[in-house]
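Student: This structure is in structure tokens; I'll ask about it shortly.
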């Protein structure tokens, strides 16, 4: 019985790294590279750096491109999150970063935090706001001969009713 519980806990930690005790947080919001990106072909863009985060302390800035995390190439935001979540809080990770404005490549070191930065949870749990839908008033059905389908009236016919 204890063995089954331990296996279940291990699977939870592998399947959902957020449940893993001691997971480190970088405090950055990754985005896919835009299709128009000319500096590099693979990597992730830094969309947002949270205030007070490990990323901010390491000097990361929005707009930069991360091509590698701990020497492993990064192809998309999901892979970047997975690579960061493999490291524990307090661990030092290194990122290969390209500055879009200057195009220069550098290695940046960051010591991961034990907790996500403030504001992180609210962004990750907020549902996107959908634009308002235009709802038109239902049209009045046309009076038709018996057995004919009931369809909306053309404007000229509707004016007669």
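The values are calculated or read from the model by the stated rules, or taken from the named source; none is laboratory data. Since the structure is predicted, the reported quantities are computational estimates derived from the model, not experimental observations. Cβ sites come from the backbone with ideal geometry, for glycine too, and all protein chains shown count toward neighbours.
Student: Quick one: count up the residues across region 76-90 that are in contact (Cβ under 8 Å) with a residue 40 or more places away in the chain, touching a strand residue (DSSP E or B) at 6+ places or on another chain (Cβ under 8 Å) and surrounded by 15 or more Cβ atoms within 10 Å (Cβ to Cβ).
Tutor: The total comes to 8.
Student: Counting only residues that are free of Cβ contacts under 8 Å to residues at least 40 places away in the same chain and closer than 15 Å to residue 106 by Cα, how many does region 47-71 have?
Tutor: Within region 47-71, residues that are free of Cβ contacts under 8 Å to residues at least 40 places away in the same chain and closer than 15 Å to residue 106 by Cα number 10.
Student: Okay, moving on. Just for region 93-127: of the residues that are out of contact with any strand residue (DSSP E or B) (no Cβ under 8 Å at 6 or more places or on another chain), in a loop (DSSP other than H, G, I, E, B) and at pLDDT 55 or above, which one is surrounded by the most Cβ atoms within 10 Å (Cβ to Cβ)?
Tutor: So in region 93-127, the residues out of contact with any strand residue (DSSP E or B) (no Cβ under 8 Å at 6 or more places or on another chain) come out as 101-103, 118-119, 121-122, 124-127.
Of the ones still in play, those that are also in a loop (DSSP other than H, G, I, E, B) are 101-103, 118-119, 126-127.
Checking which are at pLDDT 55 or above leaves us with 101-103, 118-119.
Details: 101: 9, 102: 8, 103: 11, 118: 12, 119: 14.
Here the answer is 119.
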